[in-house]
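Trainee: One structure, as structure tokens, below. Some questions next.
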Amino acid sequence: MEARLNPFTNPVLGKVFKHINAAGKVLDDSTLPHATQELVKLRASQINGCSFCTDMHFKDAVHAGESAERLNLVAAWREATVFTEAERAALELTEEATRIADAAGGVPDEVWEKAAKHYDQDQLGALVGVIAIINAYNRANVMLQIPAGDYQPGQFG
């Protein structure tokens, strides 16, 4: 399988991705736990059907020391006992924000309030940023049909 357009060689899209990556660096340096960020990226990528990002964030999380058990249960986090209440709140916010078109009123207040009980204002800002950026990448990669499976941890860093 070959991508419809290569975002790394296309001059316009390459610049766009460069700026999104710079925003991602701000989030990497935030106080939002890195493990939470990877769980969020993985869950949004699963929902959006982005095979490239699902592969990438699974591998990055394993490389960072995350257990295969937890990663395998991200798609069924509600029934899984391996996530903290804070992670569960982040995953719920991720799902609601990723499926925003499915809800007439957007992200429900009670979902936001659960996240706000576990994260301070800076961490909430980072969580919103992580969810927004991964959704942008998911949509671009799905649109371009970026193939998955060859990603190596640290490839882009």
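The values are calculated or read from the model by the stated rules, or taken from the named source; none is laboratory data. Keep in mind it's a predicted model, so treat the numbers as computed, not measured. With ideal geometry, Cβ positions are generated from the backbone for all residues, glycine too; neighbour counts draw on all protein chains shown.
Trainee: Restricting the search to the stretch 96-106, which residues are modelled with pLDDT of 95 or more and either surrounded by 20 or more Cβ atoms within 10 Å (Cβ to Cβ) or at positive phi (or both)?
Mentor: Matches in the stretch 96-106: 97, 98.
Trainee: Let me ask you something else. Taking the stretch 28-60 only, how many residues are over 27 Å from residue 4 (Cβ atoms), surrounded by fewer than 20 Cβ atoms within 10 Å (Cβ to Cβ) and among the aliphatic types (A, V, I, L, M)?
Mentor: Result for the stretch 28-60: 1.
Trainee: Just to verify a result, which residue in the stretch 99-157, among those that are free of Cβ contacts under 8 Å to residues at least 40 places away in the same chain, in a helix (DSSP H, G or I) and among the aliphatic types (A, V, I, L, M), is nearest to residue 56 (Cα to Cα)?
Mentor: For the stretch 99-157, the residue satisfying everything is 132.
Trainee: Return yes when residue 87 is free of Cβ contacts under 8 Å to residues at least 40 places away in the same chain, within 15 Å of the chain's Cα centre (by Cα) and either assigned to a helix (DSSP H, G or I) or closer than 16 Å to residue 153 by Cβ (or both) and no when it is not.
Mentor: No; evaluated as a whole, the condition is false for this residue.
Trainee: Considering each residue of the stretch 1-31, count those that are within 20 Å of residue 119 (Cβ to Cβ), out of contact with any Asp or Glu (no Cβ under 9 Å at 6 or more places or on another chain) and not in a helix (DSSP H, G or I), and give that number.
Mentor: Summing the residues that are within 20 Å of residue 119 (Cβ to Cβ), out of contact with any Asp or Glu (no Cβ under 9 Å at 6 or more places or on another chain) and not in a helix (DSSP H, G or I) in the stretch 1-31 gives 1.
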